[in-house]
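Structure first, then comments.
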Amino acid sequence: MQGVCYRAEAEEKANRLGVTGWVRNTPEGKVEALLEGEKEKVDAMIAWCHQGPPAARVNEVKVDWLTYKGDMTDFRITR
């Protein structure tokens, strides 16, 4: 969902939770993110993604669990 500050709000929420990774818009008009951190923090971030910011309309959230690498140092918006 674009145009409702989804990425900026996701960045703020991830930083509050202590989750690292990134969030970006896709050419198809979707939002995708890579999240790293303690499982309960990542779970909280995924729960937030189902709602997003107040003006967002979230139709679907897909989650793929990957092997934790620990190579992210912060959370940021990418292009």
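Every number here is computed from the coordinates shown, using simple stated rules; none is lab data. Predicted model, so just to flag it, every value in this text is computed and none were measured. As a convention, Cβ positions derive from the backbone with ideal geometry for all residues, glycine included, and neighbour counts pool all protein chains shown.
Numbers at a glance
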{"read-out": "Within the chain, percent of DSSP bridges classed antiparallel, to nearest 5", "value": "65 percent"}
{"read-out": "Residues Cys5, Cys49, sorted so that the one with the fewest Cβ neighbours within 10 Å comes first", "value": "Cys5, Cys49"}
{"read-out": "Loop sites in the stretch 17-78: trypsin sites (Lys or Arg not before Pro), DSSP, at most 11 other Cβ within 10 Å", "value": "Arg57, Lys62, Lys69"}
{"read-out": "Net lengthening on full extension, Asp71/Arg24 (0.36 nm per residue, minus Cα-Cα)", "value": "15.1 nm"}
{"read-out": "Label point distance in nm, Asp43-Glu60, each placed 7 Å from Cα along Cα→Cβ", "value": "2.5 nm"}
{"read-out": "Vicinal HN-Hα couplings computed from phi for the stretch 59-68 (Karplus, 6.51 cos²θ - 1.76 cosθ + 1.60; Hz; Gly/Pro x)", "value": "8, 7, 10, 9, 10, 10, 8, 10, 5, 5"}
{"read-out": "Angle in degrees between helix 6-17 and the longest Cα principal axis of the chain, rounded to the nearest 10", "value": "30 degrees"}
{"read-out": "In the stretch 4-77, the GluC sites (Glu not before Pro) that fall in loop regions by DSSP, at most 11 other Cβ within 10 Å", "value": "Glu28, Glu60"}
{"read-out": "Mean separation of Cα contacts under 8 Å (6+ apart) over length of the chain, as relative contact order %", "value": "41 percent"}
{"read-out": "Residues Val31, Val63, Val58, Val23 arranged by fewest to most Cβ contacts within 10 Å", "value": "Val63, Val58, Val31, Val23"}
{"read-out": "Formal net charge of residues neighbouring Lys41 (Cβ-Cβ distance under 12 Å; K, R +1; D, E -1)", "value": "-1"}
{"read-out": "Rounded to 10°, Cα long-axis angle of helix 39-51 versus longest principal axis of the chain", "value": "0 degrees"}
{"read-out": "As computed over the stretch 6-69, the Cα convex hull volume per residue (Å³)", "value": "89 Å³"}
